[in-house]
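Notes for the one structure printed next.
The values are calculated or read from the model by the stated rules, or taken from the named source; none is laboratory data. Given the structure is predicted, the values throughout are model-derived calculations rather than measurements. Using ideal geometry, Cβ is built from the backbone for each residue, glycine included, and neighbour counts are taken over all protein chains shown. For accessibility, only protein heavy atoms count, side chains too; no ligands or nucleic acids. Shrake-Rupley method; radii C 1.70, N 1.55, O 1.52, S 1.80 Å.
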Amino acid sequence: MPEIKWKINNIRKQVSIIDGHAAPNLVLQNANYLHSMLKTWVTGNIWIADDRIVYVGKEMPSNIEGTEIIDVAGKKIVPGYIEPHVHPFQLYNPHSFAKFCAQSGTTTFISDNMTFVSSIGNKKAFSFMDELSKLPFSFYWWSRFDSQTELENEGELYSNASVMEWLERYDVIMGGELTGWPRLMRGDDQMLYWIQAAKHKGKKIEGHLPGASEKTLTKMRLFGVDGDHESMTIEDVEMRLQHGYAVTLRYSSIRPDLPQLLKAIVDKGYDVFDHLMMTTDGSTPSFHQDGVIDKCIRAALDAGVRPVDAYNMAAYNVARYYNMTNLHGLIATGRYANINILTDELSPTPEAVLSKGVWLKKEGVDTHAFPKTDLTVFGELAMDFDLHEADFQFSMPIGIEMVNDVITKPYSVKGQGHNNVLSTNHDESYLMLVDRHGKWRINTMIKGFATHVKGFASSYSNTGDIILIGKSMHEMLHAFEELKKMNGGIVLVEDGQVIVKIPLALAGSVYDGDVQELIPLEVELKQSLMQRGYHHSDAIYTLLFLQSTHLPYIRITTRGIFDVMKNTVMLPAIMR
């Protein structure tokens, strides 16, 4: 359960407001608000002292000295939205993403810690998280039990001591997501120990079970998995509910399943909305141009979900599942003053946003109330090595074929590796993964990425190592050199010119700026790749998941070309 941060003197002051000995900071008068437990709209007055709701009901405070009173008659008032499954390093960073999300009403986040573990370590991560907690939004975290790829130092990064440090924190409210669940099935008792340790501390366990059979779902429930967000069909939803899972439905840039799943639930007449949550699941920046959780609510309303159920899925259901309705998800006495003011119940994007008692948006305008935070903890990517002609040798017999954005399978390479430039009449390209410190490389071919990408480089990847793709070895080297000049990022080059680039100054993986600035850069990159034959939906996810061994069938990892299904290295990395 999250830590309650009000001290004795804070609580005494809050109680004194009820007796008229002190005045609230703010009163929302004539508020027609959603009472999430009663599942109906109630009219009353909401008294707020600093970051806490101290009273909700018919009365007005007897002491209003210095109180801001706002008459919200005619509006609809709902709890601030909660995003229950955030990957807060999808080019953006936790601070910039929260700042962006606040303008559409999402002010509480349950977030992935994987980037922290792999890039900056626990001490710096905890310090950064503590600083975030002082800002006018709420971040909670989950603790990973595996790296989602193959790492030589995984035992060090995910040692028992390290994982237990995460599980000791009040703001870590979940274990998982269990991308490494096959290890659990194969007998990994260390992972099972962490699951048990998390549950003994009152934390939930999140699965990662796309396409799982009933037998697998049953076993994972017995292992201790509480919820899953990987339903792709109505049958997936039914099976998870049947076995007692909490079900989170996705509306993401690579899995926009939410609308059709909700439509199917409505059509079947299932009254199961109290057991559902919604997430955008770490979507890339441009997907959020029209919202975050408000976008999910809009999809729910369009699918025929009752407004009360739609708003509860966006806040109260999440808070109840994670045992934090004492703080979140409810407009009631004692909760955080996280409140969205809507024009009407069918318009989920708020005209005003209050988070921990701070106006982040008022009368449709950003109040710019977000203080800056120090992001230097992430450091810079120092690429102090060069690549040479000898590094561009492609004689691997096995290549990687893209089935879709994120699924890859092996294919037999037919002697392309001796040409400096490949033909644009096919969709095969050269692919390299290079250690961020220049110690090793892996060279192979990738089929299905594009037909006309000459040189492409990215330090944005699952591990922060360098991905190079292209038809021309010379242009790939040029892209790498441009990447070095940027100290990390993503760059597309052609005929000696930079076509588009995204600077990622924070550790070579994260943009140091506002999401509004990042979105057009991402859109330009995706459009440029599509013009050159990339025909999938999200190239950013392709870069992220090329190394991710939680998906079939073959991956390029720090250990080499890896067969996911056989759990073996097919071709090892080459030391430079």
Leading residue by the ranking (nearest to Arg335 (Cα to Cα)) among those in the stretch 17-76 that are under 33 Å from the mean Cα position of the chain (by Cα) and in a loop (DSSP other than H, G, I, E, B): Asp51
Residues within the stretch 432-445 that are open to solvent by less than 40 Å² (accessible area, probe 1.4 Å) and under 27 Å from the mean Cα position of the chain (by Cα), tallied: 4
Sole exception among (1) surrounded by fewer than 22 Cβ atoms within 10 Å (Cβ to Cβ); (2) more than 30 Å from Ala382 (Cα to Cα) for Phe100, by number: (2)
The stretch 154-169 - residue that is among the aliphatic types (A, V, I, L, M) and open to solvent by 30 Å² or more (accessible area, probe 1.4 Å) and, of those, nearest to Ile110 (Cα to Cα): Met164
Residues located in the stretch 548-576, provided they are among the charged types (D, E, K, R), assigned to a strand (DSSP E or B) and more than 15 Å from Val403 (Cα to Cα): Asp563
Count of the stretch 50-73 residues which are open to solvent by less than 70 Å² (accessible area, probe 1.4 Å) and free of Cβ contacts under 8 Å to residues at least 40 places away in the same chain: 2
Within the stretch 214-244, considering residues that are of a type in the set (Ser, Thr, Tyr) and open to solvent by less than 40 Å² (accessible area, probe 1.4 Å), the one nearest to Leu262 (Cα to Cα): Ser231
Test: residue in the stretch 206-216 that is of a type in the set (A, V, I, L, M, F, W, C) and either at pLDDT below 95 or assigned to a helix (DSSP H, G or I) (or both): no
Condition check for Phe89: part of a loop (DSSP other than H, G, I, E, B), touching a residue at least 60 places away in the same chain (Cβ under 8 Å) and either buried (at least 24 other Cβ atoms within 10 Å of the Cβ) or basic (Lys, Arg) (or both): yes
Residue in the stretch 516-538 that is nearest to the chain's Cα centre (by Cα), counting only those that are open to solvent by 40 Å² or more (accessible area, probe 1.4 Å) and of a type in the set (D, E, K, R): Glu517
Test set (1) open to solvent by 50 Å² or more (accessible area, probe 1.4 Å); (2) within 24 Å of Gly508 (Cα to Cα); (3) more than 23 Å from the chain's Cα centre (by Cα); (4) not polar (S, T, N, Q) - Asp374 fails condition number: (3)
Failed item, numbered, when Asn9 is tested on (1) within 30 Å of Trp141 (Cβ to Cβ); (2) open to solvent by 20 Å² or more (accessible area, probe 1.4 Å); (3) in contact (Cβ under 8 Å) with a residue 24 or more places away in the chain; (4) of a type in the set (S, T, N, Q): (3)
Test for Lys39: is it within 23 Å of Thr373 (Cα to Cα) and surrounded by fewer than 21 Cβ atoms within 10 Å (Cβ to Cβ): no
Residues of the stretch 131-154 satisfying the condition of being more than 19 Å from the chain's Cα centre (by Cα) and in a helix (DSSP H, G or I): Glu131, Glu154
Single unsatisfied condition, Gln393 versus (1) of a type in the set (S, T, N, Q); (2) open to solvent by less than 20 Å² (accessible area, probe 1.4 Å); (3) not in a strand (DSSP E or B): (2)
Identity of the residue in the stretch 103-139, charged (D, E, K, R) and farther than 12 Å from Gly282 by Cα, that ends up most open to solvent (accessible area, probe 1.4 Å): Lys123
Search result, residues across the stretch 398-425 that are free of Cβ contacts under 8 Å to residues at least 40 places away in the same chain, within 20 Å of Leu546 (Cβ to Cβ), assigned to a loop (DSSP other than H, G, I, E, B) and open to solvent by 30 Å² or more (accessible area, probe 1.4 Å): Gln416
